[in-house]
1. Using packing as a proxy for protection, rank 86-95, 114-123 so that the peptide with the highest average count of other Cβ atoms within 10 Å comes first.
2. Test of understanding: ordering MET393, MET354 by Cβ neighbours within 10 Å, fewest first, what list do you get?
3. Please label the shape of the stretch 17-137 as rounded, prolate or oblate, based on the square roots a ≥ b ≥ c of the eigenvalues of the alpha-carbon gyration tensor (a/c under 1.5 means rounded; beyond that, a/b larger than b/c means prolate, else oblate).
4. Can you give the calculated 222 nm mean residue ellipticity of the chain, where each DSSP H run of n ≥ 4 adds -39,500 (n - 2.57) and the sum is split over every residue, rounded to the nearest 500 deg cm²/dmol?
5. Assuming R0 = 22 Å, can you tell me the calculated FRET efficiency for the pair GLU217 and ARG304, based on Cβ-Cβ distance, to the nearest 0.05?
6. When a/c reaches 1.5 or more, the comparison of a/b and b/c decides; with that in mind, is the stretch 404-489 rounded, prolate or oblate per its Cα gyration tensor?
7. Can you give me the Cα centroid spacing of the stretch 508-581 and the stretch 464-491 in angstrom?
8. Provide the net charge surrounding TRP461, with neighbours chosen by a C-beta distance below 11 Å and charges set as Lys +1, Arg +1, Asp -1, Glu -1.
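Please treat every number below as a calculation from the coordinates, not as lab data. The structure displayed is predicted, hence computed values, not measured ones. Positions of Cβ are generated from backbone atoms using ideal geometry, with glycine treated the same way; all protein chains shown enter the neighbour counts.
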Amino acid sequence: MTDIVTSLIVEENLETFSLIWLDASVNDTQENIDAQHQLRTSINFLKIFEDADKCEQYIRSVPKDDRIVFIVSGRFGEIIVPRIHSLRQVSAIYVYCKDKKRNELWSNQFKKVKGVIVLLDELISQIRSDQARRNRNRVDEPLPMNFSNTNNNKHEQSTSDLSGQFIQSQLLIDCLVRMKPTSNEKNDFISLCQQYYKGNTAELSLLNEFEKFYSSERALWWYTREAFLYRLVNKALRILNVDLLFLCRFFIRDIQKQLEQRQCSSFVHLYRCQLMSIEEIQLLQKSIGKYVAMNSYLSTSVNRRQALSFLDYSSDFELVLFEIDADPQLKGIKPFSNITSLSYFPEEEEILFMLGSIFRIISINRDEDELWTIRMVLVGDEHQESNLIINQMKNEYTEQETNIITYGNILRDMSKLNEAEKYYRRFLDQSSKNSQDIANCYYSLGTVACAKGKYDESLQWHLDALSIKMDKLSSHDPNIALSYNCIAIVYRKKNDHRQALKSYEKSLKIWEKSFGENHPKVAMCLNNIGAVYEDQKDYSKALEYYEMALDIAKKHVPIDHRALSAVHNNIGNIYCMLNNYDHALEHYNEAFRIKSKFLSNQHPSLATALRSIGIVYEKKGLIQKAQKYFKQAADIDSLT
């Protein structure tokens, strides 16, 4: 597990909050150096700057969903605070200076300045107290949500598309929850924490307690405590840190089990307060009547007054109260539970929703006290589309217990090729040789190598996988057909069309014998054979195979199945080559529509689909429209 821990330590901040200290003399005295160690007990991640320009550059580079607590000298503060005060990531500012009155004159106009302080001990004490309150209230931390597409143009994705980004995150979590527990999984997580919190006496003390006393029955007690677990898990969920999520899998599994065991039995009306930017509220307003999915656990209270007590009315942000109705009798919902008796803070009367819960936004209003009230209701099978796609894709990966290979396969399909390969190799390091799992891992390594353009390496992996399968399985086993199919794909990439067709025909023969002629696997193989004829510029024959594939697929897979997107894309290619642009657009549009259902808005395949549509418009002479699609494709490319 060393490779995973090492990759995480290289990444800078694994928590949401960071502490930045800008002062020309920050490292000049032992007192200041000692203070840095004390400050880390409140916020682990500390960055020191002696240059204002470098400091500002760094602050602007921090993601807007992270939070910065900023200590600055009076001299630097007067210059830099006006420039960075409006940044969403800046949560609180403390001016540490010698002349209190003078620095209060310029700083009083800035709401995020929480204190102008002369004594170092007082500075440490106030930051410790304020940060403890922030950790307890949690209203300034981002609330990671995925929204239904709110754009009018069906090809423009919202910044967090419900059916793409959300579905992929849910597949990852489902894989982790279904993964067989191992004896060392908690130790791997502890190893990471020991390295990450090195020198932080407060967190290491908590970590020692966790190592000795944690049990699955106390998962929620630890989650609600002001400690490293909550901070690491929620940041990992928010940014989809796949390595950290993997190390936290035991904890996510334990929380789900506790929530399921104590699921609420009757209807509840709940409250949740939050500090939000006006831009975040505007995005919510565009989503009234639509769905919003939570990418993390959602903490709520049965007590309105209790929820409102968490708000900071001196904040520079909008004050928001979520009112949530939840009926546990709904089908297809994630568990939610009253965790009062399991919480570290039982007096808070907390109801916790499992990550992945989906709500509909009913209304948004603002009262005379400038408090926004956002009403939402929990939804279950009413949100059929995402549930159907998630269940369909879960079954494609495996209907049984998952393992590291499954996790790698999901990462591969998210286009996280390096991460996927890392988990495949991790599996090989742990597994015995000559097993079916080894063959599956070789197969998966072959698919990643092919996606990276390493065709000789890919071919070798697939041949090795086939060798094991031929030794263990009957010659007509569908798993052998899968290997022939991938070997054919590699030969096609190497422009060896004869060998590609030969391998595809072997694959097709096995699948037809195993499943009959009308099966999705047969459709996939026919589609792939069509691609070989397309490469050879035999467009009529290619179209014949593509249409056979489409006819079978339409009868046997859901309308939004990802296999259909590949066939529609290929038919679009043929019609484009034949200058039949209207038919090409019809199929390209359908390919994009399906892909946007199950891919994140940053997936390279979406950029390819948009670019294909743009090319057709360019050929039709509609240059302005073409450029619009090219720009959307380029925007996605810039993110990957």
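1. Per-residue mean Cβ counts within 10 Å order the peptides as 86-95, 114-123.
2. Numbers: MET393 19, MET354 23.
Ranked by crowding around the Cβ, least crowded first: MET393, MET354.
3. Working: a/c = 1.17, a/b = 1.02, b/c = 1.15.
Here the stretch 17-137 falls in the rounded category.
4. -18000 deg cm²/dmol
5. 0.10
6. In terms of gyration-tensor shape, oblate.
7. Cα centroid to Cα centroid, the span is 21 Å.
8. Taking every other residue near TRP461 into account, the sum is -3.
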